[in-house]
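These notes concern the structure reproduced below.
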Amino acid sequence: MSPTKPDLWRIPPQETLRASRAGPIAEFPADATPGFDGDRKNGTRLLADYGTRLAQLQEKLFAEGRAGGERSFLLVLQGMDTAGKGGIARHVGGTMDPQGLTVRGFGKPTDEELANDFLWRIRKALPPSGQIGIFDRSHYEDVLPVRVHNLVPEAQWRSRYAAINAFERELTASGTTVIKCALVVSKAEQKRRIARRLDRPDKHWKYDPGDIAERAHWDRYLAAYQDIFDLTDTDAAPWYLIPADRKWFSRLAVARLLVDGLTAMDLRWPAADFDIATERRRIAALEG
């Protein structure tokens with residue numbers, strides 16, 4: 001079964017989850033499975049199928065890059081704490097060959113990063129030719145917590161939307177396919193996930209007391225996200241809202257978007273730069 005066919009997707013995620021069509025994020029159902037008629041069991045099976053397809057497509061992209069091609073692919077992940085960004089990187093990115101994949105997280109900027117333009121650290125982390133890159137948080141941090149906590153003057157963060165659009169146009173023009181996924185977790189589900197971190201010693205390292213205080217800014221974050229979608233959801237670098245209360249569905253939806261995005265690149269195996277018949281004769285002449 002081809003993952004680019006409807007299978008259990010009554011409507012493909014490109015249509016149901018596109019930010020410009022999904023409605024306000026404040027009203028977006030985080031526990032829904034838009035356009036998908038299957039359950040968790042179906043989703044788990046499909047995710048395995050998508051993983052096989054992703055590995056095949058990634059190998060073609062990697063081979064193209066080794067042969068001198070200049071194309072690459074960038075997946076941007078944003079979301080509130082516990083939304084599952086790391087899980088996407090592990091469970092979706094983990095289906096691919098590490099040598100063709102780069103995963104980069106962006107936390108609080110260093111002094112060196114603050115001394116440069118906000119896109120400086122992003123440019124340094126872009127996937128090279130033939131690679132798939134996953135950003136766990138991204139340049140959008142500079143119009144999210146920076147805005148919510150008034151870390152720079154409003155005129156400065158407002159000017160960044162235009163800078164981001166110009167940057168992403170530059171990326172796509174140079175051969176990088178860009179898709180951006182905002183993982184939407186409900187406030188109630190986030191509370192449950194934070195509480196579970198205290199119940200498991202192996203998750204204590206993920207618990208940050210500051211996350212509790214950050215929840216007080218929930219509505220301000222939603223407003224900041226809405227402006228991001230209204231101002232930076234473009235056909236060249238689209239935004240998708242991913243319901244994240246059901247982890248199996250968020251992983252499935254992102255995997256499907258990746259598969260379809262890579263398929264649309266029409267990747268081909270590079271042609272041999274040697275004479276195949278000659279090399280066959282050389283191999284036939286080998287001893288053993």
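The values are calculated or read from the model by the stated rules, or taken from the named source; none is laboratory data. In this text, all values refer to a predicted model and were calculated from it rather than measured experimentally. Virtual Cβ from ideal backbone geometry, glycine too; neighbours counted across all protein chains shown. Side chains are part of the model used for accessible areas, which takes the heavy atoms of the whole protein and leaves out ligands, DNA and RNA. Shrake-Rupley method; radii C 1.70, N 1.55, O 1.52, S 1.80 Å.
Couple of notes before you dig in:
- When residues in the stretch 265-288 are screened for being assigned to a loop (DSSP other than H, G, I, E, B) and open to solvent by 90 Å² or more (accessible area, probe 1.4 Å), 8 of them pass.
- The lone exception for GLY107 - which of (1) free of Cβ contacts under 8 Å to residues at least 12 places away in the same chain; (2) within 30 Å of ARG197 (Cβ to Cβ); (3) surrounded by fewer than 13 Cβ atoms within 10 Å (Cβ to Cβ) it fails: (1)
- Condition met for LYS203 (at pLDDT below 95 and open to solvent by 10 Å² or more (accessible area, probe 1.4 Å)): yes
- Selection status of ASP245, at negative phi, out of contact with any Phe, Trp or Tyr (no Cβ under 8 Å at 6 or more places or on another chain), surrounded by 14 or more Cβ atoms within 10 Å (Cβ to Cβ) and assigned to a loop (DSSP other than H, G, I, E, B): yes
Here's the yes/no breakdown for (1) touching a residue at least 40 places away in the same chain (Cβ under 8 Å); (2) of a type in the set (A, V, I, L, M, F, W, C); (3) open to solvent by less than 60 Å² (accessible area, probe 1.4 Å); (4) in contact with a Ser or Thr (Cβ under 9 Å, 6 or more places away or on another chain):
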site	(1), (2), (3), (4)
ARG40	yes, no, no, no
LEU54	yes, yes, yes, yes
LEU61	yes, yes, yes, yes
SER72	yes, no, yes, yes
ILE88	yes, yes, yes, yes
ASP97	yes, no, no, no
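- Qualifying residue in the stretch 149-156 (condition: within 24 Å of LEU54 (Cβ to Cβ) and open to solvent by 40 Å² or more (accessible area, probe 1.4 Å)): no
- Among the residues of the stretch 216-233, those that are open to solvent by less than 50 Å² (accessible area, probe 1.4 Å) and not hydrophobic (A, V, I, L, M, F, W, C) comprise TYR221, TYR225, GLN226, ASP227, THR232, ASP233.
- Under the condition of being under 12 Å from ALA32 (Cα atoms), open to solvent by less than 10 Å² (accessible area, probe 1.4 Å) and among the hydrophobic types (A, V, I, L, M, F, W, C), the residues counted in the stretch 248-264 number 2.
- The residues in the stretch 127-138 that are within 13 Å of the chain's Cα centre (by Cα) and crowded, with 19+ Cβ neighbours inside 10 Å can be counted, and the count is 7.
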